[in-house]
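To keep things clear, I will list the structure first and then write my remarks on it.
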Amino acid sequence: MQISDQELVSLIIEPDKRQNAFELLLKKYQQKIYWHIRKMVIAHDDADDVVQETFIKVWQGLQNFRGDAQLYTWIYRIATNESLNFLQKKRRRNHIPLETESEDSMDLLNTLESSISQDYISGDEIQLKLQKALLQLPDKQRLVFNMKYYDDMKYEDIAEITGTSVGALKASYHLAVKKIEDFLNKDS
């Protein structure tokens, strides 16, 4: 039986039921959040670390969750911020300037290609080309593309998660699609 977000929130509010509610929340969202993060950071171990940090922050914030936002968008927002923070820290640690993403993209591309043998990608040539194209995008464009294309999220939900207007998201998605098309046509 799948528990609704409303039921989870009502359990979260009660301090004596918060632990149980958190376990139910993990069962409901852990895999979705893992794949959301994995599409951003690529490597399994990195994704595991970011998922762990995400759910630590979710646990710490549960007592303050007032239900102003939908539970899943609140969790996705934390996961998104943790993913972007991880990528920024990784660039700083590797001394890659934030405006220069090509070296970092090459690092992610190498990780992606080695991940193929670990079944992250089926090995299908088209899927590999799409993933390579995605790695050419700035992090936030890649994030918007992943949430719209792969997760089939509504622009309104993505706006709530990213704190960006719907119009800006539509423009970002359109630009991402155009860049991907250009990359795929150039690579053909």
Which residue, of Lys57, Lys28, Lys39, is farther than 17 Å from Asp151 by Cβ, of a type in the set (Lys, Arg) and within 17 Å of the chain's Cα centre (by Cα)? Lys57
Residues Asp104, Asp182: which one is more than 21 Å from Val41 (Cβ to Cβ), modelled with pLDDT under 95 and more than 16 Å from the chain's Cα centre (by Cα)? Asp182
Please determine whether any residue of the stretch 123-144 is open to solvent by less than 20 Å² (accessible area, probe 1.4 Å), farther than 20 Å from Lys178 by Cβ, in contact with a helix residue (DSSP H, G or I) (Cβ under 8 Å, 6 or more places away or on another chain) and at pLDDT below 60. no
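The values are calculated or read from the model by the stated rules, or taken from the named source; none is laboratory data. Please read these numbers as outputs of a predicted model, since none were measured by experiment. Because the Cβ atoms are built from the backbone with ideal geometry, glycine has one as well, and the counts that use them run over all protein chains shown. Accessible surface areas use protein heavy atoms only, side chains included; no ligands, DNA or RNA. Shrake-Rupley method; radii C 1.70, N 1.55, O 1.52, S 1.80 Å.
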